[in-house]
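> The structure under discussion is supplied below as structure tokens; questions concerning it will follow.
The values are calculated or read from the model by the stated rules, or taken from the named source; none is laboratory data. All of these numbers come straight from a predicted model, not from anything done at the bench. All Cβ positions, even for glycine, are placed from backbone atoms using ideal geometry, and neighbour counts span all protein chains on display.
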Amino acid sequence: MFTLANVQKVYTGRLGCMCGCRGRYSYAQGCDEGYDDQVNERSVKLIFNKVMNHPDRKMDGNDIAYVMTDTRNLVVYFKD
């Protein structure tokens with residue numbers, strides 16, 4: 001379930017709001033959200049690996065994994 005193939009999108013940004021004003025969302029190929037212009041497989045893989053290998057990774061249900069550092073939020077959103 002928590003594999004790179006099941007990633008829908010990732011987010012990286014400064015602490016605070018996560019609407020995209022303080023960071024960036026990158027989408028996996030075939031995400032079905034209509035964001036084809038923001039597909040970036042390299043960023044998806046990079047953030048996925050950072051989050052999933054981080055010792056302080058947290059899970060929010062079965063569809064979100066995240067890490068909050070002193071300066072950044074790193075979030076992986078998995079497909080339902």
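> Among the residues of region 29-41 satisfying the criterion of being part of a loop (DSSP other than H, G, I, E, B) and at pLDDT 85 or above, which is surrounded by the fewest Cβ atoms within 10 Å (Cβ to Cβ)?
Residue satisfying both the conditions and the ranking: Gln29.
> May I ask you to say which residue of Lys9, Lys50 is part of a helix (DSSP H, G or I), under 11 Å from the mean Cα position of the chain (by Cα), on the phi < 0 side of the Ramachandran plot and not polar (S, T, N, Q)?
On the way: Lys9 fails: part of a helix (DSSP H, G or I).
The conditions single out Lys50.
> Of the numbered conditions (1) in contact with a helix residue (DSSP H, G or I) (Cβ under 8 Å, 6 or more places away or on another chain); (2) at pLDDT below 90; (3) in a helix (DSSP H, G or I), Val44 fails exactly one; give the number of that condition.
(2)
> Another one. For region 53-68, name all the residues that are out of contact with any helix residue (DSSP H, G or I) (no Cβ under 8 Å at 6 or more places or on another chain) and either modelled with pLDDT of 95 or more or on the phi < 0 side of the Ramachandran plot (or both). So that I can check it myself, show each step before the final result.
Let us first name the residues in region 53-68 that are out of contact with any helix residue (DSSP H, G or I) (no Cβ under 8 Å at 6 or more places or on another chain), namely 53-56, 58-64, 68.
Answer for region 53-68, where residues must be out of contact with any helix residue (DSSP H, G or I) (no Cβ under 8 Å at 6 or more places or on another chain) and either modelled with pLDDT of 95 or more or on the phi < 0 side of the Ramachandran plot (or both): Asn53, His54, Pro55, Asp56, Lys58, Met59, Asp60, Asn62, Asp63, Ile64, Met68.
> Determine which single condition Ser26 fails, assuming it passes every other condition in (1) in contact with a helix residue (DSSP H, G or I) (Cβ under 7 Å, 6 or more places away or on another chain); (2) at pLDDT 95 or above; (3) not hydrophobic (A, V, I, L, M, F, W, C).
Condition (2) is where Ser26 drops out.
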